[in-house]
Amino acid sequence: MTQRLTSRTIFLLTLPPLLWAGNAIVGRLVHDMLPPVLLNFLRWSIAFCILLPLAGPVFRREAGLWPHWRRYAVLGLLGIGMYNALQYLALQSSTPINVTLVASGMPVWMMLSGWLFFGVPVSRKQVVGAVLSIAGVLLVLARGEWRHVLELRLVPGDLFMILATIAWSFYSWLLTRATEPAQIRANWASFLLAQVAFGVLWSGAFAAGEWALTSMPVQWGWPLVAALLYVSTGPAIVAFGCWGAGVREAGPSVGSFFVNLTPLFTAVLSSAFLGEAPHGYHAAAFVLIVGGIVVSARRG
């Protein structure tokens, strides 16, 4: 028996990894065009402007947002201010496939944070699912040869991504702890805009600190504008909206295994854009990752 893993839920949890894979590639392509934290601030500022006409009434007093502003401030800090800024920082010194591979530790962090801070027990099937799923992404990184795993070396970007993954695990668990009025959660745009509003404030403060400490110039041009438009719509608005809905239906533990599709999608997109043909180990990794998702979602 699956844990609310319907076709709708599968779609909601599969689309974000695909869009986030594109986000990792784009973030790497523009890493020398502007500072990473500024990229995060601009991304979410544009997303805020897009969402405001769709869900602006959420800021009215009668909407019920303000009594719960602390919750949205924390969600904005973890999911928008920290996770994305740390990911772009990671892409300064690490490759998209490495960054998404490190993020594949999400099931482990999700289980640990749920167990330690939210009182959620860990089942044996979840552990087995985590092992299968992580084995799949390791197979991608090792290019089908396990001996390459022993040659891996962490760079500063990998450490940034570990911190980002921990922040995302807490963010996902908090999504399931509903305290705000039902009308806010029922409208995906309102629920996301409430988070983005605080996230823009956090990312703006972080960008100001980055500006004070660094002097990297911004190389404006159509490539950068196109990149900003993509990361502020697909990986931001669409992916976050789908992820929030999917996690509320399936739970963070199950949802975390879908994140492991991101390295696989990253490898496929890299192959498409770089002209590299897919290999058999991509199919084997897909079987392992999906197998981990199915095992973790089943109950005894």
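Taken together, the values in this text are just the output of simple stated rules run on the coordinates, not laboratory data. Owing to the predicted nature of the structure, the values given are computational and were not obtained by experimental measurement. All Cβ positions, even for glycine, are placed from backbone atoms using ideal geometry, and neighbour counts span all protein chains on display.
Observations, loosely collected:
- Helix-only CD estimate at 222 nm, as mean residue ellipticity for the chain, using -39500 (n - 2.57) per DSSP H run (n ≥ 4): -22500 deg cm²/dmol
- Residues of region 77-112 falling in the label zone of Leu163, defined by backbone nitrogen less than 12 Å from a point 7 Å along Cα to beta-carbon, are 82-90.
- Residues in region 155-160 carry Karplus couplings, in order, of 10, x, x, 5, 5, 4 Hz; the curve used is 6.51 cos²θ - 1.76 cosθ + 1.60 with θ = phi - 60°, and Gly or Pro positions show x.
- Order of Thr233, Thr9, Thr179 under a 10 Å beta carbon neighbour criterion, fewest first: Thr179, Thr233, Thr9
- Karplus-derived 3J(HN,Hα), 6.51/-1.76/1.60, for each residue of region 24-35, Hz, glycine and proline x: 5, 5, 5, x, 6, 5, 9, 5, 9, 9, 6, x
- Which of Met33, Met82 has the fewest Cβ neighbours within 10 Å, and the rest in rising order: Met33, Met82
- Residues in region 40-48 carry Karplus couplings, in order, of 5, 5, 5, 4, 7, 5, 5, 4, 4 Hz; the curve used is 6.51 cos²θ - 1.76 cosθ + 1.60 with θ = phi - 60°, and Gly or Pro positions show x.
- Calculated FRET efficiency for the pair Val74/Val155, C-beta based, R₀ 25 Å, to 0.05: 0.25
- If the segment from Arg8 to Glu145 were pulled out straight at 0.36 nm per residue, it would be longer than the present Cα-Cα gap by 45.8 nm.
- Shape class for region 7-297: oblate, because the ratio a/c of the largest to smallest gyration tensor axis (alpha-carbon atoms, square roots of eigenvalues) is 1.5 or more and b/c is at least a/b.
- Relative contact order (percent, whole number), the chain, Cα cutoff 8 Å, 6+ residue spacing: 42 percent
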